[in-house]
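Trainee: One structure follows; several queries about it will come next.
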Amino acid sequence: MAYETLLVEVEDDVAVVRLNRPEALNALNQKLMRELAEALAALDADPAVRCVVLTGSDKVFAAGADIREMSQKSFVEMFTEDFFTPESDAITRVRKPVIAAVAGYALGGGCELAMMCDFIIAADNAKFGQPEINLGVVAGIGGTQRLTRLVGKSKAMDMHLTGRFMDAAEAERAGLVSRVVPAKNLMEEARAAARKIAEKSALTTMVVKESVNRSYETTLREGLLFERRAFHALFATEDQKEGMAAFVEKRTPQFRDR
Ligand code: HXC
């Protein structure tokens with residue numbers, strides 16, 4: 001499938017989706033957000049894909065929503081269009097694991113998009129920020145909520161109120177990213193992580209996603225119950241039998257997603 005604003009390639013069970021609007025530092029315009037939602041839904045349904053890596057260029061992940069496209073919009077237009085909500089919902093509905101591989105700027109909607117992914121691997125040149133305050137607006141696709149949950153109130157307030165950028169080392173210390181790697185190795189590391197995930201049972205990876213995401217959406221008691229039921233339910237799968245038998249027999253498991 002060809003897209004105007006994305007490059008998509010699939011190799012070894014892993015899809016790499018590259019944001020590709022270099023003339024605007026990968027700013028997220030409506031076309032890109034629609035194409036991204038469509039591409040991720042297609043990859044989610046594609047049996048040749050077991051894990052997705054979302055990335056930008058080696059200089060920029062995404063510099064935020066497209067300011068030129070947004071600048072003249074009225075409240076009524078933003079509200080009626082429900083700006084970027086259907087696309088964001090579609091992105092977070094993907095059931096396969098999605099890794100964000102971030103080099104360079106991930107600002108505003110770019111940082112929010114990275115946080116919609118399951119985890120973030122950052123290049124050592126990555127810079128994260130929520131600078132919407134400098135434009136007279138606030139984050140609009142999850143930044144005040146997801147950043148706060150990831151890094152805590154104090155740092156989230158600092159980022160949103162001052163608009164300052166966080167470098168990769170600070171982002172790792174704060175828990176925004178799972179690991180920092182040398183910029184030149186970013187895609188190799190992200191692909192290796194994706195291939196490792198692709199070796200697991202797809203049933204189990206989906207249950208892991210659902211269970212971890214539950215922790216954001218419910219009380220501890222309900223989340224623990226969800227996890228326990230999920231854990232018990234996996235004993236109805238062949239992959240649980242295979243995984244445990246392989247351990248006992250000291251061999252590599254052959255998961256069959258059933
Ligand atoms: C549209 C953008 C853009 C953006 C950069 N460009 N960011 N166009 N929307 N968000 C364009 C510039 O206008 C310029 O185009 C070209 O990309 C290169 O950018 P420069 O500024 O010349 O590059 P540089 O000096 O290297 O600075 C990089 C930068 C800066 C620090 C990332 O571009 C920047 O501050 N960008 C805006 C970041 C931002 O405020 N993001 C939040 C957006 S609001 P020309 O044609 O002049 O070459 C948001 C809300 C989300 O994201 C909520 C959604 C619902």
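The values are calculated or read from the model by the stated rules, or taken from the named source; none is laboratory data. A quick note: this is a predicted structure, and the numbers were derived from the prediction, not measured. When we count neighbours, we look across all protein chains shown, and the Cβ atoms used for this are built from the backbone with ideal geometry, even at glycine. Surface accessibility is based on the protein's heavy atoms, side chains included, excluding ligands, DNA and RNA. Shrake-Rupley method; radii C 1.70, N 1.55, O 1.52, S 1.80 Å.
Trainee: With +1 on each Lys and Arg Cβ and -1 on each Asp and Glu Cβ, how big is the dipole of the chain about its Cα centre, in debye rounded to the nearest 20?
Mentor: Values: 34 positive and 38 negative charges, 165 e Å.
Dipole size: approximately 800 debye.
Trainee: While we're looking at this one, here's another question. What whole number of Å gives the distance from the Cα centroid of segment 42-83 to the Cα centroid of segment 155-186?
Mentor: 20 Å
Trainee: Tell me which residues come under 5 Å, amide H to amide H, from residue 14 once H is placed; ignore anything under 5 positions away on its chain.
Mentor: Amide H to amide H, under 5 Å and 5 or more residues apart or across chains, residue 14 pairs with 50.
Trainee: Return a single number: how many Lys pairs in the chain, at a sequence separation of 8 or more or on separate chains, have alpha-carbon atoms below 19 angstrom apart.
Mentor: Lysine pairs meeting the criterion: 14.
Trainee: Please report the carbon-and-sulfur percent of the accessible area for segment 202-258; probe 1.4 Å, protein heavy atoms only, DNA, RNA and ligands left out.
Mentor: Numbers: 2690 of 4440 Å².
For segment 202-258, the apolar C and S fraction of the accessible surface comes to 61 percent.
Trainee: Could you tell me what percent of the accessible area of segment 134-181 is made up of carbon and sulfur, with a 1.4 Å probe and every protein chain present? Each step should come with its number before you reach the end.
Mentor: Numbers: 1410 of 2650 Å².
The value for segment 134-181 is 53 percent carbon and sulfur by accessible area.
Trainee: On a full-extension model of 0.36 nm per residue, what is the gain between residue 31 and residue 145, subtracting their alpha-carbon distance, rounded to one decimal in nm?
Mentor: Fully extending the segment from residue 31 to residue 145 adds 38.5 nm.
Trainee: To the nearest 0.05, what FRET efficiency results for residue 153 and residue 213 with a Förster distance of 30 Å applied to their C-beta separation?
Mentor: 0.90
Trainee: Let me ask something else about it. What GluC sites (Glu not before Pro) in segment 154-258 are in a loop by DSSP, with at most 10 other Cβ atoms within 10 Å of the Cβ?
Mentor: Hits after loop and neighbour filter: 249.
Trainee: Something else: Around residue 256, what is the net charge, scoring Lys/Arg as +1 and Asp/Glu as -1 over all other residues with Cβ under 11 Å from its Cβ?
Mentor: -2
Trainee: Hey, another quick one. Where in segment 85-112 is the amide nitrogen less than 18 Å from a point lying 7 Å along the Cα-to-Cβ axis of residue 44?
Mentor: 85-100
Trainee: With a sphere of radius 13 Å drawn around the Cβ of residue 194, what net charge do the other residues whose Cβ falls strictly inside it have (Lys, Arg +1; Asp, Glu -1)?
Mentor: Around residue 194, the charge tally is -2.
Trainee: Which of the peptides 120-126, 147-153, 190-196 is most tightly packed, and how do the rest follow, going by the mean number of other Cβ atoms within 10 Å of each residue?
Mentor: Ranking the peptides 120-126, 147-153, 190-196 by packing returns 120-126, 190-196, 147-153.
Trainee: Put +1 on the Cβ of every Lys and Arg and -1 on every Asp and Glu Cβ in the chain; which of 3, 150, 52 then has its Cα farthest towards the positive end of the dipole?
Mentor: Farthest towards the positive pole: 150.
Trainee: Follow-up. Counting alpha carbon pairs within less than 8 Å and at least 6 residues apart, what relative contact order, in whole percent, applies to segment 90-139?
Mentor: 40 percent
Trainee: Further, regarding this structure: Only Cα pairs within less than 10 Å get springs; with that Gaussian network setup on the chain, which residue of 20, 29, 213 has the largest fluctuation?
Mentor: Result: 213 has the largest fluctuation of those listed.
Trainee: Here is a further query. Kindly list the residues of segment 40-62 that lie in the label zone of residue 73, defined by a backbone N under 18 Å from the point 7 Å along the Cα-to-C-beta vector.
Mentor: Taking a point 7 Å out along Cα→Cβ of residue 73, the residues of segment 40-62 whose backbone N falls under 18 Å are 62.
Trainee: Now, a different point. For residue 81 and residue 256, what is the calculated FRET efficiency with R₀ set at 41 Å and r taken between the beta-carbons, to the nearest 0.05?
Mentor: 0.40
Trainee: As an exercise, identify the trypsin sites (Lys or Arg not before Pro) in segment 4-102 lying in DSSP coil whose Cβ has no more than 16 other Cβ atoms within 10 Å.
Mentor: 59, 73, 93, 95
Trainee: How many percent of DSSP beta bridges within the chain run antiparallel, rounded to 5?
Mentor: 30 percent
Trainee: Rank 239, 12, 44 by accessible area, highest first, at a 1.4 Å probe radius? Intermediate values should be presented prior to the final figure.
Mentor: Working: 239 10, 12 95, 44 45 Å².
Descending order: 12, 44, 239.
Trainee: May I ask for the net charge around residue 109, where only other residues with Cβ less than 13 Å from the Cβ of residue 109 are counted and Lys, Arg are +1 while Asp, Glu are -1?
Mentor: Here the count lands on -3.
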